[in-house]
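Contents: one structure, followed by commentary.
The values are calculated or read from the model by the stated rules, or taken from the named source; none is laboratory data. Worth saying up front: this structure is predicted, and the values here are computed from it rather than measured. Note that each Cβ is placed from the backbone with ideal geometry, even for glycine, and that neighbours are counted across all protein chains shown.
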Amino acid sequence: MEAKNSIYLALGLVFLLSLSRLIPHPPNFTPILGMAVFSGAIISKRIFAYLVPLLAMLLSDLYLGFHASMPIIYFSLAICVLIGTLIEARVTTLNSFLSISLGVLAFFLITNFMVWYGSGMYESSISGLMTCYFMGLPFVQNTFISSILYGMGAFLIYDIINKRMIFGNNA
């Protein structure tokens with residue numbers, strides 16, 4: 001597949017994933033983290049790899065509403081894009097799965113740390129931090145499942161369409 005078409009395909013998949021954030025879904029069951037890792041791994045122009053998922057998030061937040069935790073969530077998404085860039089040249093099923101899982105873990109650790117640090121809900125101690133992480137565990141299940149489903153789905157669809165576009169005319 002021509003590089004230009006490949007980028008359009010990746011951008012289209014990221015756009016579709018971002019739209020699915022707007023449909024009704026269970027709590028924390030969104031495509032955002034999988035989309036960010038996918039973007040980092042597939043979009044070779046770094047500026048677009050970061051801007052596309054962050055802009056998609058911003059556009060959906062325009063509709064859903066702004067909130068105080070947006071900066072830390074956007075920072076966490078940028079970390080997920082960075083994780084995706086680590087497998088850019090070696091995208092395999094295993095690497096994709098591990099990268100998305102690492103992205104979920106990073107998101108969980110960063111966002112819950114900020115809840116502990118800034119909310120006043122937990123005591124300012126290691127014990128309070130551990131309690132915060134423990135209390136966040138029920139929320140990470142849907143985040144992990146949705147990130148794997150959406151992210152791995154994006155990698156799979158991208159791979160299938162890429163192969164069909166490359167080899168489809170030779171059959």
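Structure notes:
- Any pair with Cβ under 9 angstrom, 6 or more apart, that starts in the range 62-78 at a residue that is touching a residue at least 24 places away in the same chain (Cβ under 8 Å) and ends at one that is assigned to a helix (DSSP H, G or I) and among the small types (G, A, S): S69/G118; I72/G118; S76/A36; S76/G103; S76/A106; L77/A36; L77/G103; A78/A36
- Any hit, the range 52-69, residues being more than 30 Å from K163 (Cβ to Cβ), at pLDDT below 95, surrounded by 14 or more Cβ atoms within 10 Å (Cβ to Cβ) and among the charged types (D, E, K, R): yes
- If you go through the range 20-46 and keep only what is without any contact (Cβ under 8 Å) to a residue 40 or more places away in the chain and more than 19 Å from G103 (Cα to Cα), you end up with I23, P24, K45.
- Against the numbered list (1) modelled with pLDDT of 95 or more; (2) within 27 Å of S69 (Cβ to Cβ), F155 comes up short only at (2).
- From the list A68, A41, A36, the lone residue that is in a loop (DSSP other than H, G, I, E, B) and at negative phi is A68.
- Single residue of I73, I83 found to be under 25 Å from N162 (Cα atoms), assigned to a helix (DSSP H, G or I), aliphatic (A, V, I, L, M) and out of contact with any Asp or Glu (no Cβ under 7 Å at 6 or more places or on another chain): I83
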